[in-house]
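The values are calculated or read from the model by the stated rules, or taken from the named source; none is laboratory data. Not measured: the values here are computed from a predicted model. Virtual Cβ from ideal backbone geometry, glycine too; neighbours counted across all protein chains shown.
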């Protein structure tokens, strides 16, 4: 590797060190982009038929606005929460005797896999997890621990439920989306392989991803049921 | 006529709506006397709103400079939340009793509109994923109107409620877009080829198991660096999977398909482990107000390592 190659990897080093030191992530990311971009000899602004670093930054930022679209749902969700959404979600789940925090995550993950099969790709954290799944899980845990209300749950329990609810969304989304031949991931694989001159069939991709989807459900179920066990043992202690 | 319908139900229309919401958030922040950094924080969200409104029209270098200003504001610690106190919890409890399960209706509008728009796009033979995004945008607006009607709250109150969540999440909200930019720069600089060639230099070419291991490891590693398995996939497949595994053994189409899709999901294990995938790991932690910014990643780590190992074993067994 040449010296220039090593300098290009400087961006990765900046990210690793910056995140480890818990510096402001936005600054770390931009610093890394400048370090790698300048090491590769990119100009700051476009000209002479070459794309500049700042132009690249602006274009990618504008092109990826769709990942930040969820902001449009915040007023509706915030309003509903002020008017008792999370309380009702918790009360609703307390009525279901079989509901536990862990089983809810399993159910939600399966629900997200169905989204994948239908061909819908969305990030469910703002539209499902925060307004519904999380308060329901807290409600279920409160029932499991016979706590009077969700606020009286020990914080380590509510924190691990938050993490589990966010993870369940990712598990269902990442692996479920490949079960449809119209999803971006499968199409990317198909297009890339054909571009490299490797003959494959679109449906084979869907078929061969099913074992991994099955494993993802099983491994996650183990994790979520262990969460239930932790909640139960916490309950026995107190 | 169809032109008008298409313009209304386009991504740009949804971006404009989101931009308008952000501008309102910014104005509310600037007018908030109890906000410790109301001008700088307001400016930050105003700039993001402007990028949402005009991002498709402005020259890219202008957007790039606006992004740098936003990052500078955040870097100086000027993007904070309001110190205004939350409503008494008693209010929400009373409202929960008054409204009952009807409070679910506005929130359910969001997924219903998402599905409906995706369905319409599907019937018209358009991109379903884009339809879902358009539905998400209009669902958010419909949910807002339904919520105001149901609760009798004003638009101002609803916007304040939305602004509170947005400010609590803070600058984390722009990380996914920022990381996408970093990914583009990494790609332009050829960082992927460097990683692929580094992996190849270490691994002996005649050992299939080590090659499969290197393929899955390179994919996960590059995804951890880029925060995006879709960006890593072409690089790893071009650098490792096709030239070093599939081509030498003359793999048939079924084996190739299996190895290719397993390579992609080996990358998903990387996505679960990295703060660079901010929209999946860091933004949700902020959205749920987790105390530990890395709490979601820590929970996912054992899952990710287990399923990644399964990828290696499965691919090796099926190729052999």
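Some values worked out for this structure:
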| read-out | value |
| --- | --- |
| The range A:1-29, subset closer than 20 Å to residue B:77 by Cβ, in contact (Cβ under 8 Å) with a residue 12 or more places away in the chain and under 23 Å from the mean Cα position of the chain (by Cα), residue surrounded by the fewest Cβ atoms within 10 Å (Cβ to Cβ) | A:18 |
| Check on residue B:66, more than 9 Å from chain A (Cβ to nearest Cβ), modelled with pLDDT of 85 or more and either assigned to a helix (DSSP H, G or I) or surrounded by fewer than 17 Cβ atoms within 10 Å (Cβ to Cβ) (or both) | no |
| Qualifying position, being crowded, with 22+ Cβ neighbours inside 10 Å, within 9 Å of chain A (Cβ to nearest Cβ) and in a helix (DSSP H, G or I), among B:285, B:304 | B:285 |
| Filter pass, residue B:234 being surrounded by fewer than 19 Cβ atoms within 10 Å (Cβ to Cβ), in contact with a helix residue (DSSP H, G or I) (Cβ under 6 Å, 6 or more places away or on another chain) and closer than 30 Å to residue A:44 by Cβ | yes |
| The one condition in (1) facing another protein chain (nearest Cβ under 7 Å); (2) modelled with pLDDT of 90 or more; (3) crowded, with 21+ Cβ neighbours inside 10 Å that residue B:99 fails to fulfil | (3) |
| Test: residue in the range A:211-223 that is more than 19 Å from the chain's Cα centre (by Cα) and modelled with pLDDT under 90 | no |
| Count of the range A:30-52 residues which are surrounded by 14 or more Cβ atoms within 10 Å (Cβ to Cβ) and not in a loop (DSSP other than H, G, I, E, B) | 10 |
| Unique residue being within 9 Å of chain B (Cβ to nearest Cβ) and surrounded by 24 or more Cβ atoms within 10 Å (Cβ to Cβ) when the list is A:184, A:165 | A:165 |
| Which listed residue, of A:19, A:74, is within 7 Å of another protein chain (Cβ to nearest Cβ) and modelled with pLDDT under 90 | A:19 |
| Residue match in the range A:149-161 (condition: assigned by TED's automatic domain parsing to the domain that holds residue A:186 and either closer than 22 Å to residue A:73 by Cα or touching a strand residue (DSSP E or B) at 6+ places or on another chain (Cβ under 8 Å) (or both)) | no |
| Flag if residue B:188 is under 22 Å from the mean Cα position of the chain (by Cα), without any contact (Cβ under 8 Å) to a residue 24 or more places away in the chain and under 21 Å from residue B:229 (Cα atoms) | yes |
| Qualifying positions in the range B:161-179 - more than 9 Å from every other protein chain (Cβ to nearest Cβ) and within 16 Å of residue B:17 (Cβ to Cβ) | none |
| Test: residue in the range B:245-253 that is within 22 Å of residue B:309 (Cβ to Cβ) and either buried (at least 24 other Cβ atoms within 10 Å of the Cβ) or more than 8 Å from chain A (Cβ to nearest Cβ) (or both) | yes |
| Total residues in the range B:141-160, condition buried (at least 21 other Cβ atoms within 10 Å of the Cβ), free of Cβ contacts under 8 Å to residues at least 40 places away in the same chain and either more than 9 Å from chain A (Cβ to nearest Cβ) or closer than 19 Å to residue B:116 by Cβ (or both) | 2 |
| Hey, residue A:175 over 23 Å from residue A:98 (Cβ atoms), modelled with pLDDT of 95 or more and either within 19 Å of the chain's Cα centre (by Cα) or not in a loop (DSSP other than H, G, I, E, B) (or both) or not | yes |
| Residue A:110, sole failed condition from (1) farther than 30 Å from residue B:162 by Cβ; (2) within 7 Å of another protein chain (Cβ to nearest Cβ); (3) under 23 Å from the mean Cα position of the chain (by Cα) | (2) |
| Count of residues meeting criterion [within 7 Å of chain A (Cβ to nearest Cβ) and free of Cβ contacts under 8 Å to residues at least 60 places away in the same chain] in the range B:129-139 | 2 |
| Meets criteria (facing chain A (nearest Cβ under 9 Å), closer than 25 Å to residue A:68 by Cβ and at pLDDT 90 or above) for residue B:59 | yes |
| Residue satisfying all of: in the range A:57-97; outside any helix (DSSP H, G or I) and more than 24 Å from the chain's Cα centre (by Cα); surrounded by the fewest Cβ atoms within 10 Å (Cβ to Cβ) among these | A:97 |
| Qualifying positions in the range B:195-216 - surrounded by fewer than 20 Cβ atoms within 10 Å (Cβ to Cβ) and either within 12 Å of chain A (Cβ to nearest Cβ) or closer than 30 Å to residue B:176 by Cβ (or both) | B:197, B:198, B:201 |
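Conditions (1) at pLDDT below 90; (2) farther than 27 Å from residue B:20 by Cβ, marked per residue:
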site	(1), (2)
A:40	no, yes
A:48	yes, yes
A:61	no, no
A:67	yes, no
A:95	yes, yes
A:108	no, yes
A:112	no, yes
